[in-house]
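Following: one structure in structure tokens, then a few remarks.
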Amino acid sequence: MSTEPVVATPRDQEALALEGITVRFGSVTALDGAHCTIRRGTVHAILGENGAGKSTLMRAAFGWLTPDAGTLRVHGAPVRFQSSADAIAQGIGMVHQHFMLISAMTVTENIALGGQGRFDASTTAARIAEVATKTGLPVDPTARVRDLAVSAQQRVEIVKALVREAQILILDEPTAVLTPDQATELLRWVRSFADAGGTVVLITHKLREAFTVADDITVLRQGRTVVSAARLALSESHVIEALTGTGTGTGATPASVEASTVGPTIRSARISSERRMVDHIADAPVLRLDGVSYVDARGVTRLRAVDLAVHPGEILGVIGVEGSGPRELLRILAGRLAPTSGRVTRPDVVGFVPEDRLHDAVIPTFSLTENLVLAEGGHARGWMDWSRWRGVTRDLLATADVRAVGPDIPMATLSGGNQQRFVIARERRRATAALIVENPTRGLDLNASARILADLRTLGGHPRPAVVFHSTDLDEVLSVATRVVVCFDGHVAEVQPPLDPNDRTPYTRAMTGSDRPGGEIAAERR
Amino acid sequence: MEALLIPFLDATIRTATPLAYAALGEVVTERSGVINIGLEGIIIAGCLGGLIAAGAGGPTVGFLGGALAGLLMAALFALFVLRLKADAIITGTALTLLGLGVTGTLYRGVFGLEGAALGTPSIAPVALPGLSSLPLVGPVFFTQTVMTYLLYLLVPLLAWWLARTHTGLALRAIGESRTAAHAAGIAVDRIRWGAILFGGVMGGLCGATLVLAQVGTFTEGMSAGRGFIAIAIVVLGRWRVVGTALAALLFGGAFALQYLLQAAGWALPYQLFLALPYLLTLVLLAALRGRAEAPAELASHEG
Amino acid sequence: MTEALLALWDGAFGSSYAIWSATLVRSAPLLLLGLGVALAFRAGVLNIGAEGQFLMGAISATAIAQSMGSMGGAVPRIVVIPMMALVGALAGASWAGIAAWVRQRFGVLEVISTIMLNFIALASISWMVRGPLQEPTRIYPQSAEIPGPAQWPFLIPGQRLHLGFVIGLLACGIAWVVLTRTAIGFRIRAVGASRSAATSAGGIAVAGTVLRVFLVSGACAGLAGAAEVGGVTWALYEGISPGYGYTAIAVALLARLHPGWIIVSAIFFGALEAGASAMQRDAGIPSVVVQVIVALVILGVLAGSQRRVIAGAATLGAEARR
């Protein structure tokens, strides 16, 4: 892989420059001499797979961590940040992927955070209103953050940076939490902010976004800068190559990698027509919901009278933005949550792969054998025959192709991809009829993700299991599912596949509720 | 009736005063997202610190000594919890044992093996001119020691500070989400150190007040669970300054009830009254099941 | 200083009497109490109430011994001693059960509730020895000596080591087997390591498991109280525990919550307690210094173990970074 030389940027044009940045966490090198130069008044996309070091690089730029080596320049002058306060003082603002907002506090209090001396709520609120109007980002200063929709919280984050007079905005995966329409709107705002003289660093793993909005693109792989150039000088295939490190000579890129990351270029791994014909549609459904509703502990209705049936051999894809009901739907199907009303029909044992692997699926400090036995934990009786379980674990590692030294090593020593394959294999082992899978690729790199998705597509067994699959990445769902339902505002409805397999609009419209009267407003209010 | 009521209310304020010091300190500590279960050890350290310092330089020095003892204990707690990232609950338990052990050892070492109960210079109630002659309110609220009057100033000051200064805002923010506060450029650990040390000074003052303004002497283990009661008071006060001060009054009343009921000639065993504040703590904590208003970071210490 | 340390050593290990009648006698309650605390901590239950549970066990065992003695002296040892053990354990379990109940029903932190219950137990014992259980002359705040059949047998002629020590050893052995070899033991460890994974992946009834461990933990402490009355004091009085329940926390932590190491750790602290009384007697050093040592041991263990935890967290952090 060739390293693109950086186009030399005159010092007076650079907003932010990072050179030779090296960051180590213990024995792991997260960044190895990474570099990039961000020009004033531009949008600069930083691309890279999970673990490539994108966020680490930007945390160094925001003073969240001090690099072990390398130099930082802001507006041409060398700086050394001790904390994010120093970066803020230099006019840098960062919107983290997981918002740094305090949900129990008001917008005003959140934005005032980090100031000095007396705190006067009304003065701050006036200043917020002023900035919000000027930049076209409507926010209500008196609202409590926990009452705001995700998109509104994101606006608060941006306004927070702007109130502190940030000229350089770092946005970390800003569209990950947005519906497609909201994402488009945000990117349009980003473009206009840069056109008005501001500088934006856009961290993303979506090629489409980079090519839509960015002036310059930097690609990181394994902590190094592999490409850093103007967008016009780059082709999509070149960038894909740089991202995955698989040049044309070294082997083909796995199909699903393209499907899940390179949305616009390859969208054909869609619901293929023969898969839509489910082999066992005549069989009785394995999972069935009749009029199921769920009201959570805070009194919010999450599911409204849901009817659903999943048959053997089906892979039911569930789409929907965070908070619209997928989380609760999956947990009710998996038997991990009792519905408030309605009837659930399901096998005694349902396999469940929850999104937060290390928290909900495994115990990192326990051995692999113990983590296998964990699945039996609720109903095991009497003595434990550990030597037998060790044997079972060994078999499982072999059949699921989990790379591990042996059954006695702690789960924490496995890579994320191996952990996830272990969990899926374990759940498949105990539950043959039904499997519920939630965001299985979260935190995994591209190759590991591709394997997981490929495994899910080809699950065997007789009869074949009923699978329910949810991912926040629409492309992932479309590449795996045989049928798609959408959650919107607690309702669950089937999405009719479009005639053109590359057409995403029916799905995005369903997710935002724009296919129903008054839907857009409801999405915003949630 | 008034002959019983005024002494009861007077005793309520008097016993509530040290509790309020400890509890207000703990409010600040807990609003920063750390629970200091070792408050008990801090208070007993404040008791002995107050006694020794007062013996050397009179009551004023005594209060400084109590505050200093509390500060040192709190610094130890902060060192473990913030620097070494030790579990706050277990560290707090150790701190309590350390406080009880060290004071017991020192006291016997300094004052002899049997720990002869020594009197100490103490402060007397001061009647505030004018205010103290008001009916009922005067003898109850305005014929107290200077430590009580200081509280009258401290409560509104602390409430104002938490709500209306950026440091107060930062402290509350840290208690809700340390990552968010960190991202806003707030020096999280520095403020937590400050909050824990403040809690230590207040706990130490609680101990010194106990010795110098209430009991007049030191006995081993004289803190008698006040540290834990103060933590319950904070819960009852919903982590708010004024609420906590009022809750401290309620507990002062529970302690004072002993005198009232004994004076009224109740034939119940006095151990029941000894157990009353602890029972009350249990019952009130159970009754206030909703912990929704607790700083979110506190929950990270719970199962 | 040397003199003090020598006195400490002599009091703990200096003679066969020191070993068999002081050190191990003091280790007996620490075995059961330390085990109880360790089991609770293993399941993620911060039971700081061993002291109160111990006192309730002691009160109940005294009461049952006295009442069986007043039945005419015909009740044999083989009945009285198991009854004392059973009643003591039940009392300890019930006392812990209160804390478990308010935790699960009302969400009250067990750290606070168990400590409150310690003070209430202290008030109860203070009332008992001046009221229902006071000795017949009504002069001293203590109970009458429990009748002969209720006095637990000594293990070695001429030494004061009693049955309670063996029970403690057995309990540690049983706990070790249960934790490592049985399904319920696995559940306890899983719940302690990760409640969310135990529920979500294992379908383990967390609340039920926690409740049971809490009760067993209390039962251990209550049994220790019964053994102390039956094997050592033969009477109930206020100062029956020199803070054994708090020392037990150090015992459990120093043993890293491992039932096997509890034995070693309990004997270490038993020796410390025995040596400290000797030190106070011979060298004039107050014995409360043991509490200081207990606290320092806990802090030392914390300081030592946290470094490992931090190292572990760093690896996990690197794993999770994007």
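The values are calculated or read from the model by the stated rules, or taken from the named source; none is laboratory data. Just so it is clear, the structure is predicted and the values come from calculations on it, not from any experiment. Note that we place each Cβ from the backbone using ideal geometry, even for glycine, and neighbour counts take in every protein chain shown.
In table form, for the structure just shown:
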{"quantity": "C:Ser113 vs. criteria within 11 Å of another protein chain (Cβ to nearest Cβ), part of a helix (DSSP H, G or I) and farther than 18 Å from C:Gly225 by Cα", "calculated": "yes"}
{"quantity": "Within the stretch B:139-184, tally of residues that are without any contact (Cβ under 8 Å) to a residue 40 or more places away in the chain, β-branched (Val, Ile, Thr), within 14 Å of chain A (Cβ to nearest Cβ) and part of a helix (DSSP H, G or I)", "calculated": "2"}
{"quantity": "Inter-residue pairs, beta-carbon under 7 Å, first within 11 Å of chain C (Cβ to nearest Cβ) and on the phi > 0 side of the Ramachandran plot and in the stretch B:215-230, second part of a helix (DSSP H, G or I) and not aliphatic (A, V, I, L, M), 6+ apart", "calculated": "B:Gly225/B:Glu40; B:Gly225/B:Tyr278; B:Gly225/C:Phe119"}
{"quantity": "Residue tally, condition more than 13 Å from B:Leu39 (Cβ to Cβ), part of a helix (DSSP H, G or I) and of a type outside the set (A, V, I, L, M), over the stretch B:186-236", "calculated": "7"}
{"quantity": "Given (1) in a helix (DSSP H, G or I); (2) of a type outside the set (Lys, Arg); (3) buried (at least 24 other Cβ atoms within 10 Å of the Cβ), number of the condition C:Val45 does not satisfy", "calculated": "(1)"}
{"quantity": "Residue within the stretch C:138-157 that is acidic (Asp, Glu), away from chain A (no Cβ under 14 Å), in contact with a Phe, Trp or Tyr (Cβ under 8 Å, 6 or more places away or on another chain) and surrounded by fewer than 24 Cβ atoms within 10 Å (Cβ to Cβ) present", "calculated": "yes"}
{"quantity": "Some residue of the stretch A:114-125 being under 22 Å from A:Gly198 (Cβ atoms) and within 8 Å of chain B (Cβ to nearest Cβ)", "calculated": "yes"}
{"quantity": "Residue list for the stretch C:283-292, restricted to those being surrounded by fewer than 20 Cβ atoms within 10 Å (Cβ to Cβ) and either among the basic types (Lys, Arg) or facing chain B (nearest Cβ under 8 Å) (or both)", "calculated": "C:Gly284"}
{"quantity": "Subset tally (residues that are of a type in the set (Gly, Ala, Ser) and either at positive phi or away from every other protein chain (no Cβ under 14 Å) (or both)) for the stretch C:232-254", "calculated": "2"}
{"quantity": "Only one of C:Ala93, C:Ala74, C:Ala99 that is over 21 Å from C:Leu122 (Cβ atoms) and either outside any helix (DSSP H, G or I) or in contact (Cβ under 8 Å) with a residue 24 or more places away in the chain (or both)", "calculated": "C:Ala74"}
{"quantity": "Qualifying residue in the stretch A:70-77 (condition: polar (S, T, N, Q), in contact (Cβ under 8 Å) with a residue 24 or more places away in the chain and more than 10 Å from every other protein chain (Cβ to nearest Cβ))", "calculated": "yes"}
{"quantity": "Residue list for the stretch C:41-54, filter: at pLDDT 95 or above and of a type in the set (A, V, I, L, M, F, W, C)", "calculated": "C:Ala50, C:Phe54"}
{"quantity": "Test for B:Val110: is it surrounded by fewer than 16 Cβ atoms within 10 Å (Cβ to Cβ) and assigned to a helix (DSSP H, G or I)", "calculated": "yes"}
{"quantity": "Pairs, first at pLDDT 80 or above in the stretch C:289-318, second among the basic types (Lys, Arg), C-beta under 9 Å, six or more apart", "calculated": "C:Val301/C:Arg256"}
{"quantity": "Qualifying residue in the stretch C:39-58 (condition: small (Gly, Ala, Ser) and in contact with a strand residue (DSSP E or B) (Cβ under 9 Å, 6 or more places away or on another chain))", "calculated": "no"}
{"quantity": "The listed residue being at pLDDT 90 or above and surrounded by fewer than 23 Cβ atoms within 10 Å (Cβ to Cβ), out of A:Leu186, A:Leu171, A:Leu207", "calculated": "A:Leu186"}
{"quantity": "Qualifying residue in the stretch A:320-336 (condition: assigned to a strand (DSSP E or B), of a type in the set (A, V, I, L, M, F, W, C) and out of contact with any His (no Cβ under 7 Å at 6 or more places or on another chain))", "calculated": "no"}
{"quantity": "Subset of the stretch A:394-418 (residues that are within 14 Å of chain C (Cβ to nearest Cβ) and part of a helix (DSSP H, G or I))", "calculated": "A:Met411, A:Ala412, A:Thr413, A:Gly416, A:Gly417, A:Asn418"}
{"quantity": "Count - residues of the stretch A:340-391 that are part of a helix (DSSP H, G or I) and either modelled with pLDDT under 90 or surrounded by fewer than 16 Cβ atoms within 10 Å (Cβ to Cβ) (or both)", "calculated": "6"}
{"quantity": "Boolean, B:Ala69 is within 13 Å of B:Gly204 (Cβ to Cβ), of a type in the set (A, V, I, L, M, F, W, C) and touching a helix residue (DSSP H, G or I) at 6+ places or on another chain (Cβ under 9 Å)", "calculated": "yes"}
{"quantity": "When residues of the stretch B:185-207 are limited to those that are touching a residue at least 12 places away in the same chain (Cβ under 8 Å) and closer than 15 Å to A:Ala85 by Cα, the one surrounded by the most Cβ atoms within 10 Å (Cβ to Cβ)", "calculated": "B:Ile186"}
{"quantity": "First in the stretch A:135-146 and on the phi < 0 side of the Ramachandran plot, second anywhere and outside any helix (DSSP H, G or I) and among the small types (Gly, Ala, Ser), Cβ under 7 Å, 6 or more apart", "calculated": "A:Val145/A:Ser103; A:Arg146/A:Ser103; A:Arg146/A:Ala104"}
{"quantity": "Pairs where the first residue, in the stretch A:346-374, is among the aromatic types (Phe, Trp, Tyr) and the second is part of a loop (DSSP other than H, G, I, E, B) and buried (at least 22 other Cβ atoms within 10 Å of the Cβ), C-beta under 6 Å, 6+ apart", "calculated": "A:Phe352/A:Ala334"}
{"quantity": "Among (1) in contact with a His (Cβ under 9 Å, 6 or more places away or on another chain); (2) outside any helix (DSSP H, G or I), the one test that C:Ala28 misses", "calculated": "(2)"}
{"quantity": "Residue in the stretch C:212-231 that is within 14 Å of chain B (Cβ to nearest Cβ), at pLDDT 80 or above and within 17 Å of the chain's Cα centre (by Cα) present", "calculated": "yes"}
{"quantity": "Residue within the stretch C:262-281 that is modelled with pLDDT under 85, more than 21 Å from C:Gly164 (Cα to Cα) and more than 12 Å from every other protein chain (Cβ to nearest Cβ) present", "calculated": "no"}
{"quantity": "Index of the failed condition, C:Gln53 passing every other in (1) surrounded by fewer than 24 Cβ atoms within 10 Å (Cβ to Cβ); (2) within 19 Å of the chain's Cα centre (by Cα); (3) not in a loop (DSSP other than H, G, I, E, B)", "calculated": "(1)"}
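Per-residue answers, yes or no, for (1) within 14 Å of another protein chain (Cβ to nearest Cβ); (2) within 26 Å of C:Ser287 (Cα to Cα); (3) out of contact with any Leu (no Cβ under 7 Å at 6 or more places or on another chain):
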position	(1), (2), (3)
B:Leu39	yes, yes, yes
B:Gly62	no, no, no
B:Gly65	no, yes, yes
B:Lys85	yes, no, yes
B:Gly92	yes, yes, yes
B:Ser122	no, no, no
B:Pro125	no, no, yes
B:Pro129	no, no, yes
B:Val137	no, no, yes
